[in-house]
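A short reminder: the numbers here are calculations on the coordinates, not readings from a lab. It should be emphasised that the depicted structure is a prediction, and the values quoted were computed from it without experimental measurement. Cβ sites come from the backbone with ideal geometry, for glycine too, and all protein chains shown count toward neighbours.
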C-alpha cells in the first residue's frame, strides 16, 4: 500500500506512543497513595497500593461505563472508599487532582517533540486517548489542534467514535486522515473500523500477532514516520 498524498490530518495516540505509559501511571499512583496516607490514613491502613488498584479494577468490571472515563472511575473508587471507611466526600476533588497532576508528568521519547514540530507544519494534528492524559498539562498544546478522549465520546478505541469525531471536527474525510498509535487493537483495528489508514508505532520491535488484520504501515519511531511522510 502506498501512502495517500491526500492526507492532511494526523490523529495520534498518546500513552506508549509519545511517552512510556506505565512509569507515568506508577508515579501518579504512588503520589496519590502518599497523599491518602497523609490525609486519609484509614484507607492506607486497610489497603496497600496494589490492593487499591485491584479494587478499582473490580469496580470497573462491575460498572463497564467507567472503562470509557478513567477519571470518573478513579473518583468513583474514592467515593466507594469514603463510604466504606466513614469519610465524607469533600476530599475527593482534591484527591483526584493530586493523581491527575502527577499523571501529566510524562517523559517523552527523545524523537517526539522534534518530530511534532515538523509534523504540525504540514498536517493538522489531533490527539486521541483512551486515558486521561491532558495535552495542555503535558505541554503539547502548541502541537495539537485539539484532543479527543474516550470520555468525550463515551467510547474507547477501538470503537471508531473518536476517529469520527476528529474527522468531523477538522472537516476531513477518511482518505485524508492517518492514525499513528502503538496498540494493535485500540489503534490499528480502531483506525481500520473508522475506514482510515494506520501506522503502527512499534518501538520495541514486537512481532505482529493479529492474523485478521494488519497496520498499513509500521515504524519504530517518529524519525521513521517523518521518512514515511517524506518530511525532514
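Tabulated values for the structure
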{"quantity": "Inter-label distance, nm, simple model (7 Å from Cα along the C-beta direction), residue 137/residue 63", "calculated": "2.0 nm"}
{"quantity": "Rounded to 5, the percent of DSSP beta bridges in the chain classed as antiparallel", "calculated": "0 percent"}
{"quantity": "Order by protection proxy (mean Cβ within 10 Å, highest first), peptides 57-66, 32-41", "calculated": "32-41, 57-66"}
{"quantity": "Residue list for segment 170-213, given a label point 7 angstrom along the Cα-to-Cβ vector of residue 220 and an amide N cut-off under 13 Å", "calculated": "202-207"}
{"quantity": "Efficiency of FRET between residue 228 and residue 154 - r from beta-carbon atoms, R0 30 angstrom, step 0.05", "calculated": "0.35"}
{"quantity": "Per residue convex hull volume, Cα atoms of segment 22-103, in Å³", "calculated": "87 Å³"}
{"quantity": "Rel. contact order, % - alpha carbon contacts under 8 angstrom, at least six apart, segment 22-103", "calculated": "44 percent"}
{"quantity": "Mean Cβ count within 10 Å, highest first, over the residues of peptides 189-197, 91-99, 151-159", "calculated": "189-197, 151-159, 91-99"}
{"quantity": "Label-to-label distance, nm, for residues given as residue 38 and residue 94 (7 Å Cα→Cβ offset)", "calculated": "1.1 nm"}
{"quantity": "Ordering of 11-19, 69-77 by burial proxy (mean other Cβ atoms within 10 Å per residue, highest first)", "calculated": "11-19, 69-77"}
{"quantity": "Length-normalised contact order for the chain - Cα pairs under 8 Å, 6+ apart - percent", "calculated": "25 percent"}
{"quantity": "Stretch gain in nm, segment residue 171-residue 110, where the contour uses 0.36 nm per residue and the Cα spacing is subtracted", "calculated": "18.8 nm"}
{"quantity": "Using alpha-carbon coordinates, inclination of helix 70-85 to the longest axis of the chain, degrees", "calculated": "10 degrees"}
{"quantity": "Pairs of alpha carbons in the chain whose separation is greater than 33 Å (percent)", "calculated": "23 percent"}
{"quantity": "Potential lengthening between residue 212 and residue 46 on full extension [0.36 nm per residue; Cα-Cα distance subtracted]", "calculated": "55.2 nm"}
